[in-house]
Amino acid sequence: MTLSTAGTYTGKVAFVTGAGSGIGRATAIAFAKAGASVTAVDISEKGLQETAALIEAFGGRVLTIPCDVTSSKGIKAALDKTVATFGGLDCAFNNAGIEQPVNKLKDIDEDLWDRVLAVNLKSVYLCMKHQIDIMLTNGGGAIVNTSSGAGVLAIQGQSAYCASKYGVTAISKCAALEHASQGIRVNALCPGIIDTDMISRFTGDTEQGRARVIAQEPIGRMGRPEEIANTVLWLCSEQAGFVTGHAMVIDGGQTAG
Ligand code: NAD
């Protein structure tokens, strides 16, 4: 179920990374349904095309930009194109990310460590770096970065992923403090287990694998991408005007006890 936000983002511009699948796709769609012009960024051109088709099917406005979010140049170019096309930047959802195969810290391949940290953490730094420059000249904005339950709690076999997501939580708070007085709000989002392609890969997409992760959820099911999208839209809205520097957990109770 998507929150009824029709029209609440009319005239606004939203920039979403990882928009070719899962949480990013659901959020790009939710922003467009709420009236925003949306820039959808992803490394997967196929994923972007599918997302664009879903948005265009209801008359939404979307610009797709294939880009590897670890490229500072690529992100800056995508943001410049967003401003040139839509006239500004109001909301950013820095969400692209990759999983880490379960492995002890001592056994993690060094190239894998670097890639997880680059895609999940450095990209968020790069996105915010360029977005904040634009928002400062535009009179403010709202940024939401995808951290994770693994960004507030340690998980065995996930040290690279946890390091990247704890990092996202930390830099979201740092940036929030640095720009709180300048009309820019920054928050981190910490989802629990959400039913996306990432979880399908993680569980091997078997009934057993799904049951194993559902067993970690007190609420008895996985979260839906649309439930994360609803929260992103709320965090970017004026209703959340006093919320900044927050790491919002949306996890069916997974980290409550
Ligand atoms: P997903 O695999 O469905 O989507 C991730 C998207 O990011 C894909 O479209 C992929 O192509 C894109 N991407 C990957 N590397 C990229 C790169 N270098 N440049 C540009 N795009 C790239 O996964 P998802 O579950 O929707 O994950 C979205 C975010 O949510 C990730 O940051 C993930 O770590 C986080 N997260 C997911 C869960 C979950 O249970 N699904 C839980 C907590 C946090």
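Each value in this text was obtained by applying a stated rule to the coordinates, not by laboratory testing. Since the model is a prediction, treat every value here as computed from it, not as a measurement. Note that each Cβ is placed from the backbone with ideal geometry, even for glycine, and that neighbours are counted across all protein chains shown.
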**Request:** Enumerate the amide H contacts of Ile250 below 5 Å, restricted to partners 5 or more residues apart or on another chain; note that Pro and chain-start residues carry no placed amide H.
**Result:** Cys190, Gly192
**Request:** Provide the gained length on full extension for the span Ala77 to Ala57, in nm with one decimal, where the gain is 0.36 nm per separating residue minus the Cα-Cα distance.
**Result:** 4.5 nm
**Message:** How much of the pair distance distribution for the stretch 1-55 lies past 14 Å, counting alpha-carbon pairs only, in percent?
**Reply:** 45
**Asked** Non-local amide H neighbours of Val62 (under 5 Å, H modeled in plane, Pro and chain starts lacking H): which ones?
**Response** Val38
**Message:** Cut-off under 27 Å on the C-alpha distance; same-chain residues fewer than 8 positions from Lys122 excluded. Which lysines are left, in chain and number order?
**Reply:** Lys12, Lys46, Lys73, Lys76, Lys81, Lys104, Lys106, Lys165, Lys173
**Complete:** For the stretch 203-212, in residue order, the Karplus 3J(HN,Hα) values (coefficients 6.51, -1.76, 1.60; θ = phi - 60°; whole Hz; Gly and Pro = x) are 9, x, 6, 9, 4, 4, x, 5, 4, 5
**Prompt:** Within the stretch 88-118, what residues put their amide N at less than 15 Å from the label point 7 Å along the Cα-to-Cβ vector of Gln156?
**Reply:** 102-107
**Item:** Whole-number D in µm² s⁻¹ for the stretch 78-181, Kirkwood Cα-pair radius fed into Stokes-Einstein, 25 °C, 0.890 mPa s
**Value:** 167
**Message:** For a distance above 17 Å, tell me the whole-number percent of Cα pairs in the stretch 164-246 that qualify.
**Reply:** 58
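Whole number please: convex hull volume per residue of the Cα set in the stretch 8-104, in Å³? Walk me through the numbers on the way to the answer.
On the way: hull volume 9.4 nm³, N = 97.
Considering the Cα atoms of the stretch 8-104, their hull volume per residue is 97 Å³.
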**Asked** Hey, what did the stretch 109-257 get for relative contact order, percent, Cα under 8 Å, at least 6 apart?
**Response** 27
**Rounded tilt (10° steps) of 45-56 against the dominant C-alpha axis of the chain** = 50
**Fill in**
Between the modelled labels at Trp234 and Ile219 (7 Å from Cα along Cα→Cβ) the distance in nm is 1.0
**Rg/Rh ratio calculated on Cα atoms of the stretch 101-252 (Kirkwood radius)** = 1.00
**Message:** Compute the angle between helix 22-33 and the longest alpha-carbon principal axis of the chain, please, reported from 0 to 90 degrees and rounded to the nearest 10.
**Reply:** 20
**the chain - Rg over Rh from alpha carbon coordinates, Kirkwood radius** = 0.95
**Message:** Using only the Cα atoms of the stretch 157-211, what semi-axes does the equivalent ellipsoid have when each is the square root of 5 times a gyration tensor eigenvalue? Give whole Å, largest first.
**Reply:** 33, 13, 6
